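S.K.: Please find one structure pasted underneath; my questions will follow.
The values are calculated or read from the model by the stated rules, or taken from the named source; none is laboratory data. As the structure is a prediction and not an experimental result, all values here were calculated from the model. With ideal geometry, Cβ positions are generated from the backbone for all residues, glycine too; neighbour counts draw on all protein chains shown.
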Amino acid sequence: MSHRNAPLSETGRLRLARCVVEDGWPLRRAAERFQVSPTTAWRWASRYRASGVAGMVDRSSRPHRSPRRTPTRTERRIVKVRVLRRWGPARIGYLLGIHPSTVHRVLTRYGLAKLRWLDRPTGHVVRRMEPARCGDMVHVDVKKLGKIPAGGGWRMLGRTTGNRNTRADKSSGRRSKHGQPLHGHHFLHTAIDGHSRLAYSELLADERKDTAAAFWIRANAWFTECGITVRKVLTDNGSCYRSFAFRDALGDAEHRRTRPYRPQTNGKVERFHRTLADEWAYARLYRSDAERCTEFPIWLHTYNCHRGHTALGGQPPATRVPNLSGQYS
């Protein structure tokens, strides 16, 4: 295929060649008429004399010989290590004494799938699951999130200062407005629609069955307000999701659970929690847990309505929900 700055298309090459070969134009005159060099005019005229119209198409720029290409035996060793151990180019290169860029070229040449596309235990290419409509599958999960002591935590201040702040909180016995100790954990309950990636999330005190059931009732009501009818719910095998309370809270929605020890099946909500940790929970220094909690609904609104999502072509989740975009500013 011609590059973007090529002065001649296949039709232009044919016209130039016919002017030289059939009409007898001098090379310089033809080159000036088609705004190319005389060398280029000579090349296309020669191809036309030798092959006719078929000679005007692009030819591969691959060399006829590559004497310094990686030996076939080495290539087979690279492919064997990749298939058996599922390592990346750097580790394979260190093992075989080959530069990682060479390993990468070999893997690309043989069309081996990238590691992020593979299920590591089996080596099979991961089948991406995306429902066709909003509400066809809602992913639900809980993430445990450590509270921030007064003054800041260890992730931003280092373990020495952060742990000192934590010990000060414990010794002071300070409590939140709900009577809970300031140190400890939040339990982030999340429900995310698999088609639109629209998310509903709450910071709660535990992950017990009654808490999970009450969360789902509120989440389902929120999705209904957004015009989404939830038909299926996917969770892991946590005890709160296997309880009768959660079953009763689901109502008419079909409940599906992941296979044991397969968190990637519920990968959409797992990835949301990772994004949440990177862009909200640990994105900057919070001087108190209340400060971070106050920022959470603001970030969640930004995620749903303004933040571009790579799986949605750079559009926010709200754009995939009919009649929803106009409800947000």
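S.K.: Being of a type outside the set (Asp, Glu) and either in contact with a strand residue (DSSP E or B) (Cβ under 9 Å, 6 or more places away or on another chain) or modelled with pLDDT of 95 or more (or both) is the filter; apply it to the stretch 260-270 and report the residue that is surrounded by the fewest Cβ atoms within 10 Å (Cβ to Cβ).
M.R.: Residue satisfying both the conditions and the ranking: PRO263.
S.K.: Cβ contacts < 7 Å: first residue over 16 Å from THR102 (Cβ atoms), restricted to the stretch 78-92; second residue surrounded by 15 or more Cβ atoms within 10 Å (Cβ to Cβ), any location; separation 6+ or different chain. Result?
M.R.: Within 7 Å, the pairs are ARG86/LEU118.
S.K.: Going by the conditions given, is ARG91 surrounded by 13 or more Cβ atoms within 10 Å (Cβ to Cβ) and assigned by TED's automatic domain parsing to the domain that holds ARG105?
M.R.: Against the criterion (surrounded by 13 or more Cβ atoms within 10 Å (Cβ to Cβ) and assigned by TED's automatic domain parsing to the domain that holds ARG105), ARG91 qualifies.
S.K.: Scan the stretch 213-231 residue by residue and report those that are out of contact with any Gly (no Cβ under 8 Å at 6 or more places or on another chain) and of a type outside the set (Ser, Thr, Tyr).
M.R.: Of everything in the stretch 213-231, those that are out of contact with any Gly (no Cβ under 8 Å at 6 or more places or on another chain) and of a type outside the set (Ser, Thr, Tyr) turn out to be ALA213, ALA214, PHE215, TRP216, ILE217, ARG218, ALA219, ALA221, TRP222, GLU225, CYS226, GLY227.
S.K.: In the stretch 280-298, is there at least one residue being assigned to a helix (DSSP H, G or I) and under 14 Å from the mean Cα position of the chain (by Cα)?
M.R.: no
S.K.: It is to be established whether one or more residues within the stretch 277-297 are touching a His at 6+ places or on another chain (Cβ under 6 Å) and surrounded by 13 or more Cβ atoms within 10 Å (Cβ to Cβ).
M.R.: So far as the stretch 277-297 goes, no, none of its residues is touching a His at 6+ places or on another chain (Cβ under 6 Å) and surrounded by 13 or more Cβ atoms within 10 Å (Cβ to Cβ).
S.K.: Separate question: Does at least one position in the stretch 247-259 carry a residue that is in contact with a Cys (Cβ under 6 Å, 6 or more places away or on another chain), at negative phi, surrounded by 13 or more Cβ atoms within 10 Å (Cβ to Cβ) and assigned by TED's automatic domain parsing to the domain that holds GLN315?
M.R.: no
Residue-by-condition table, conditions (1) within 23 Å of LEU324 (Cβ to Cβ); (2) in a loop (DSSP other than H, G, I, E, B):
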site: THR211; (1), (2): no, no
site: ALA214; (1), (2): no, no
site: ASN220; (1), (2): yes, no
site: PHE223; (1), (2): yes, no
site: ILE228; (1), (2): yes, yes
site: LEU234; (1), (2): yes, no
site: ASN237; (1), (2): no, yes
site: TYR241; (1), (2): no, yes
site: PHE246; (1), (2): no, no
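S.K.: Further question on the same structure: Counting only residues that are at pLDDT 65 or above and part of a loop (DSSP other than H, G, I, E, B), which one in the stretch 98-120 is surrounded by the most Cβ atoms within 10 Å (Cβ to Cβ)?
M.R.: It comes out as ILE98.
S.K.: If the requirement is being in a strand (DSSP E or B) and either at pLDDT 95 or above or of a type outside the set (S, T, N, Q) (or both), which of these qualifies: HIS186, HIS195?
M.R.: Answer to the selection: HIS186.
S.K.: Please go through the stretch 17-29 and pick out each residue that is within 15 Å of GLY55 (Cα to Cα) and either touching a Lys or Arg at 6+ places or on another chain (Cβ under 8 Å) or among the aromatic types (Phe, Trp, Tyr) (or both).
M.R.: ALA17, VAL21
S.K.: Sticking with this structure for a sec: Can you tell me which residues in the stretch 36-71 are part of a loop (DSSP other than H, G, I, E, B) and over 46 Å from the mean Cα position of the chain (by Cα)?
M.R.: SER37
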